[in-house]
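Student: Before anything else, here's the structure in question.
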Amino acid sequence: MSETLLDIELRDLDGIGPATEKKLRDAGIASVLDLAVALPDEVAEKIGCSKENACAMVFVAQKALMESGLIDKEFVPAVECYEKRKSMVKCTTGSKNLDSLLKGGIETQAITEFWGDFGSGKSQLCHTLCVTAQLPVKDGGFGGGVIFIDTESTFRPERVYQIAEARGLDPIQALKNTIVCRVYNSSHLELVIKRLGKYIEQYNAKLVIVDSIISLHRSEFAGRSTLAERQQRLNNIVHHLLRIAEIYNVAVVVTNQVQAQPDVFFGDPTKPAGGHVIGHACTYRVYLKKAGQERIATVIDSPYHPYSETRFIISEKGVEDPEPKKTKEA
Ligand SMILES: Nc1ncnc2c1ncn2[C@@H]1O[C@H](COP(=O)(O)OP(=O)(O)OP(=O)(O)O)[C@@H](O)[C@H]1O
Ligand SMILES: [Mg+2]
C-alpha cells in the first residue's frame, strides 16, 4: 500500500502548484495522505488561504486516494467492509486472558484505549506491546515496528529490554524497532500526531502507542473556561489517530487517566477522563484495575465484544497470565 501511496505527490493534484505545495510542506502536510486527512479549517489557517480553497484541496486529495483505491469509496457493500476487515491483523498483549477478552488481541484499523488509576498497569502493558508487536504474524505479532509517543516521561528502554529478554527475543533488536517520541506539551503532541503518517511509513510501524493521550491537555487546559477548547483539540487528535489507523492498517493504543466522580455513591466512582470525545473515537475501551497482586481488565464500549472481565499480572515478562489457581485437594 505504501509504495502506491508514495507514487502520488502533492504537486500531481489538480489545483496545487509548486508554491502551494511548499506552503503545505512547511505546514507539515507532506503527502497526499496528510492532506486527505487534514481538517480544512486548519489547512486554511496554516497556509493562509480561504476555507473554500482548503476544502477543495482536501477534497481533491481524498478523491485521488479513492481513485487509486487506497481509501474506501464512501458507499461500499458490507461484504467489501468485511473483506477489508479481513486485512485487519491482531497482536497478542502477552496475556492470553487479555487476548481473549479482546477477542484475539490488539487490532489494526482501530484505537484501543486502556484507562485506569495510577499503577493499574497501563504503561506496563504499553511496554509489553513494544515487544509483542514485533513478533512475526505467525507468532501472534504484527511483524513490524512500534512508535511510542511518551507524554509522561515514563518510557523505560530497560523495561523493553527486560521484557524482550524474558520472552526469549533479542533485546537490542526490540529496542531498535521501538521508536520513541518524547513530547513536551499539547501543541507538540498535536504536531507529532499530524505527521504520524510519515513516521509510520519511515519506520514500518504497525503499532502506535500514545501514553497518555490526555495528560498534557488535562494539565494545560485546567478549569471550565478552557474546557471547550481542550475537548475540541482532543477530538481532533483522536479522530486523526482513527483515520491513520484505518488508512495505514496500523493499531493505535492510547492510555487514559481516571476522573473521580464525587457524586457517585454506589459502585466504582471512577470513569475515563476526557468525556465523550475520547470515548466516541476509541473502538475499544478497557478499564484496568488493581486487585492485590493481580490486575482486572474490563471491556466496555465495544462494537462487538460483550461486557466481560479478566485477570492478568505484571512480571518481568511484562503483562502475562496469573498462575492458575490451585484447587484444594479433598
Ligand atoms: N518489572 C516489574 N515486575 C513486576 N511488576 C512491575 C514491574 N515493573 C512495574 N511493575 C508494576 O507495575 C506498576 C506500575 O504500573 P504502570 O506504570 O503501568 O501504571 P500506570 O497505569 O501506567 O500508572 P500511571 O497512571 O501512573 O501512569 C507498579 O506499581 C508495579 O506494581
Ligand atoms: Mg503510566
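Student: Between segment 202-255 and segment 120-191, what's the alpha-carbon centroid distance in Å?
Tutor: 17 Å
Student: Further question: Can you send over the solvent-accessible area of THR154, 1.4 Å probe, protein chains only, in Å² to the nearest 10?
Tutor: Accessible surface of THR154 is approximately 50 Å².
Student: Can I ask one more? Convert 37 °C to kelvin, take the viscosity as 0.692 mPa s, use the Kirkwood radius over C-alpha pairs of the chain as Rh, and evaluate the Stokes-Einstein diffusion coefficient in µm²/s, rounded to a whole number. All intermediate terms of the calculation are to be shown ahead of the outcome.
Tutor: Details: Rh = 20.9 Å.
For the chosen part, D equals 157 µm²/s.
Student: Let me ask you something else. Leaving out ligands and nucleic acids, note down the accessible area per residue over the chain with a 1.4 angstrom probe, in whole Å².
Tutor: 50 Å²
Student: Over all pairs of distinct alpha carbons, what does the Kirkwood formula give as the hydrodynamic radius of segment 6-66, in Å? Working shown, then result.
Tutor: Values: mean 1/r = 0.0910 Å⁻¹.
Result for segment 6-66, one decimal place: 11.0 Å.
Student: Computed over the Cα atoms of segment 164-230, what is the ratio Rg over Rh, Rh following Kirkwood? Present the calculation step by step, with values, prior to reporting the outcome.
Tutor: Working: Rg = 16.0 Å, Rh = 14.3 Å.
Looking at segment 164-230, the ratio lands at 1.12.
Student: If you fit an axis through the alpha-carbon atoms of helix 157-166 and take the longest principal axis of the Cα set of the chain, what angle between them do you get, 0 to 90°, nearest 10?
Tutor: The angle comes out at about 60 degrees.
Student: Using Cα springs under 10 Å in a Gaussian network model of the chain, which residue among THR310, THR226, THR298 shows the largest mean-square fluctuation?
Tutor: Top of the fluctuation ranking is THR226.
Student: So, one more: Would you mind classifying segment 136-176 by shape? Square roots of the alpha carbon gyration tensor eigenvalues, ordered a ≥ b ≥ c; an a/c under 1.5 is rounded, otherwise it is prolate if a/b is larger than b/c and oblate if not. Before the final figure, lay out each step's value.
Tutor: Numbers: a/c = 2.46, a/b = 1.40, b/c = 1.76.
Note, shape of segment 136-176 comes out oblate.
The values are calculated or read from the model by the stated rules, or taken from the named source; none is laboratory data. Since the structure is predicted, the reported quantities are computational estimates derived from the model, not experimental observations. Remember, those area values only see protein heavy atoms, side chains included, never the ligands or the DNA or RNA. Shrake-Rupley method; radii C 1.70, N 1.55, O 1.52, S 1.80 Å.
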